[in-house]
Amino acid sequence: MFGMNTDHPASTDPAADATAESSLEDHLDAREVEIVELADVPAQEIIFRSIVVLMSAAAEKLGLSDDDPTASPHLDLDESRKLITSLAGLVTGSAEYLGPQASVVRDGLQGLQRAFREASAFPDEPGEGPGEKFTGPVY
């Protein structure tokens, strides 16, 4: 079925090997089901799901889910910069497919960009903040 992985020593327990191989097969079967189902999902929905994931993750990394974002254990400006920039690229690149929700999505993105600026001890110059190379300056 599957080739032996030379990175790990072979197990001396055949039952454990069979269980691990069966578990891998089950995981692969589950992924095949997900792929088949994903093929049935319209592109616009996949784009929106991706936007929601990126927005949510950026908000978490900005500490916005906590009462005091500045004291949040999740606050990570480096990570939030990456997420916001990726989100801005997706939003800008897919704007024509977002339909009437495009303005809501852009507003959410700008809100995250502003929150990033507020959370920064030394805010970026306008046009240099996360995602602003795609969206233009956010004040």
Ser56 paired with Tyr97, simple spin-label distance in nm, labels 7 Å along Cα-to-beta-carbon: 2.0
Residues in the range 78-94 reached by a label modelled at Gln110 [backbone nitrogen below 19 Å; 7 Å Cα→Cβ]: 84-94
Two-site label geometry, Leu77 and Glu118: point separation in nm, points 7 Å out along Cα→Cβ: 1.5
Anisotropy class of the range 73-135 from Cα gyration tensor, a/c 1.5 cut: prolate
Ordering of 61-67, 46-52, 110-116 by burial proxy (mean other Cβ atoms within 10 Å per residue, highest first): 110-116, 61-67, 46-52
Under the Karplus curve 6.51 cos²θ - 1.76 cosθ + 1.60, θ = phi - 60°, whole-Hz ³J(HN,Hα) for the range 110-124, x wherever Gly or Pro sits: 4, x, 5, 5, 5, 4, 4, 4, 5, 7, 7, 5, 10, x, 5
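None of the figures in this text is laboratory data; all of them are computed from the coordinates on show. Everything numeric here is computed off the predicted structure, so don't read it as measured data. Quick reminder, even Gly has a Cβ in these numbers, built from the backbone with ideal geometry, and neighbours come from all protein chains shown.
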